[in-house]
1. Based on what the data block shows, is residue 155 open to solvent by less than 50 Å² (accessible area, probe 1.4 Å) and either under 19 Å from residue 225 (Cβ atoms) or basic (Lys, Arg) (or both)?
2. Starting from residues that are β-branched (Val, Ile, Thr) and within 17 Å of residue 244 (Cα to Cα), keep the ones in the stretch 336-354 and report whichever is least open to solvent (accessible area, probe 1.4 Å).
3. With the checklist (1) open to solvent by 20 Å² or more (accessible area, probe 1.4 Å); (2) part of a helix (DSSP H, G or I); (3) farther than 24 Å from residue 382 by Cα in hand, flag the one item residue 47 doesn't pass.
4. Would you check if residue 83 is open to solvent by 50 Å² or more (accessible area, probe 1.4 Å), of a type in the set (Ser, Thr, Tyr), outside any helix (DSSP H, G or I) and more than 16 Å from ligand 2 (Cβ to nearest atom)?
5. Looking at (1) at pLDDT below 95; (2) more than 10 Å from ligand 1 (Cβ to nearest atom), which is the only condition residue 443 fails?
6. Working only within the stretch 125-138, note down all residues that are part of a helix (DSSP H, G or I), touching a Phe, Trp or Tyr at 6+ places or on another chain (Cβ under 6 Å) and open to solvent by 20 Å² or more (accessible area, probe 1.4 Å).
7. Of everything in the stretch 28-44, what is in contact (Cβ under 8 Å) with a residue 40 or more places away in the chain and surrounded by fewer than 19 Cβ atoms within 10 Å (Cβ to Cβ)? Give them in sequence order.
8. Out of all the residues in the stretch 320-329, which are surrounded by fewer than 18 Cβ atoms within 10 Å (Cβ to Cβ) and touching a Ser or Thr at 6+ places or on another chain (Cβ under 9 Å)?
Amino acid sequence: MSSLVNKGELKQRNGQIASYLIIGAVVIAVMMVFGILMLLAQGGMLNLSAANFYQFLTIHGTGMIGAAAFAAAGVMWYFLRDYVQLSKKIFTWNLVLFLIGVVMVIIGVFSFEYASSWTFLYPLPALSANAWGTVGALLYLVGMLVLGVGFLLLYIDTGRAIIKKYGSLGKGLGWDVISGKKAEKDAPPPTVVASTMVTIVNVTALTAGATVLIMNIINVVNPAFTFDPLLAKNLTYAFGHIFANSIIYMGVIVVYEILPRYTNRPWKSNRIFLIAWTMSTTFTLLIYTHHMLMDSVMPKWMLIMGQALSYANGLPVLVITAYGALMIVYKSGIKWDMASGLAFISMFGWTVGVVPAIVDATIVVNHVMHNTKWVPGHFHMYMGLGAVAMLFAFMYYLAKVDSNLETTILDKIALIVYTLAIISVSGQFLVSGAISTPRRWATHFPEWMGPALFGGIAGVFMFLATVIFIVHFISYIQVRGTSTGSDFDDKKVA
Ligand code: HEM
Ligand SMILES: [Cu+2]
């Protein structure tokens, strides 16, 4: 592999990838603190003003999704560059724009009290009943736009590179193999298929997001400019749903790439694998309408489609990946370590997290559950134990192949603590949902406080475990330059 580029350059590029991961992981850890504070406030332990609660909610949602997507993009880039020629400049630009955007968002939220939640649903940015002013809204919205442009550039580049190598995005998804024009053995590898999917859905999502952000910005500057709130909501969720979803489809590349290295068994795309990814590509684009189930003015067919396809959304890829992971590990004599362990656990988290999501996508259940904590219940499970565990798996993997750093018993304890803690955090949300606790409420009735308090304490353990993961990764970054560890030494992991 390293014959393509010289080792010095690879080292340098790993350095940039490490920057993506460390920035992402540190932001995720800091956002956990805000999550804990919110739960402690809802649990009656901490006195937080309502205004502060909503600022925390806004920064937590924005920061978690943004940082996880950013780190996941780093993971995707690391593996995809082995198959196609990516632009390093654009990779750097995305990093710069991300940092600028983050700073603007932080200033908007904390210095100017902006608190619309990360969904910035029109006309809330402009109509805050004086909770925040124009400056806060502009900092937040423009910050998000800057961030979005960075990501958009990155996906335009991955799209360009995939088209250059494979001919078209359709071919990147292996449509010529599905149609029988090309043999299965010549199918694009799983990493390329997943990256093509993410490229397609995220270019769409980010375009929708930029459109609605710009309309909001104009509305904030000049309230006489208004637009159709239903259109705004459609665009906003087309952005938010798809972009948040894409994190796990980037993260799963870790599973495709590292489990084969650990088991010495290849993970090849076959026809069923390709069909599953094409189905999930289409569904992911269409099902944001499950956020509109309460909007009775939406065309009925769209809502029915949203419901039907939500059942099917992630399932094809989830099933094919969970099954593939089990098959590749089964009787392989795999040696478990932090990276392979986290990768395997992430499959579990993804699978378990999808079940309550499917329940919620049912219209009758949704009418009762949608604005309860049931919803954060399911996405904390598949984000926390699914997507974010994939990122940590990658961090341990990179540290292992790119340095001589060893893991200790502390790392293993952290893995167990992390798993139990995120199950507890998600579990308490689900219990709260089941007892009809509304989501996004700063204050809870005494009957609702128990689960929140429990979740706040579990959150502290999750945070501590995450700090241990980060400390290991920082140690790797410190020895990286000096160690004799060879890059891409695939043998080393087995
Ligand atoms: C220690 C871990 C965590 C804790 C304690 C925590 C806590 C919370 C709390 C209390 C809320 C608000 C719930 C409500 O509506 O009342 C929330 C919302 C949210 N969390 Fe977390 N969280 C954690 C980890 C994560 C992770 C890992 C992610 C994703 C990568 C995440 C993403 C979100 C999102 C997107 C929201 C929705 C924000 C909104 O409603 O606008 N959280 N979290
Ligand atoms: Cu959704």
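1. Numbers: open to solvent by less than 50 Å² (accessible area, probe 1.4 Å): yes; either under 19 Å from residue 225 (Cβ atoms) or basic (Lys, Arg) (or both): no.
Here the answer is no, as residue 155 does not meet what is asked.
2. Here is the first cut: in the stretch 336-354, the ones β-branched (Val, Ile, Thr) are 345, 351-352, 354.
Add one more test, that the residue is within 17 Å of residue 244 (Cα to Cα), and what stays is 351, 354.
Values: 351: 55, 354: 21 Å².
Applying the filter and picking the extreme gives 354.
3. Among (1) open to solvent by 20 Å² or more (accessible area, probe 1.4 Å); (2) part of a helix (DSSP H, G or I); (3) farther than 24 Å from residue 382 by Cα, the lone unmet condition for residue 47 is (2).
4. The answer is yes for residue 83.
5. Against the list (1) at pLDDT below 95; (2) more than 10 Å from ligand 1 (Cβ to nearest atom), residue 443 comes up short only on (1).
6. 135
7. Of everything in the stretch 28-44, those that are in contact (Cβ under 8 Å) with a residue 40 or more places away in the chain and surrounded by fewer than 19 Cβ atoms within 10 Å (Cβ to Cβ) turn out to be 29, 33, 44.
8. Step one: filter the stretch 320-329 for residues surrounded by fewer than 18 Cβ atoms within 10 Å (Cβ to Cβ), giving 322-323, 326-327.
Within the stretch 320-329, just 322 meets the criteria.
The values are calculated or read from the model by the stated rules, or taken from the named source; none is laboratory data. Because the structure is predicted, anything quoted here is derived from the model rather than measured. For neighbour counting, all protein chains shown are included, and Cβ atoms are generated from backbone atoms with ideal geometry for every residue, glycine included. Ligands, DNA and RNA are stripped out before the accessible areas are found, and what is left, the full protein with its side chains, is counted by its heavy atoms. Shrake-Rupley method; radii C 1.70, N 1.55, O 1.52, S 1.80 Å.
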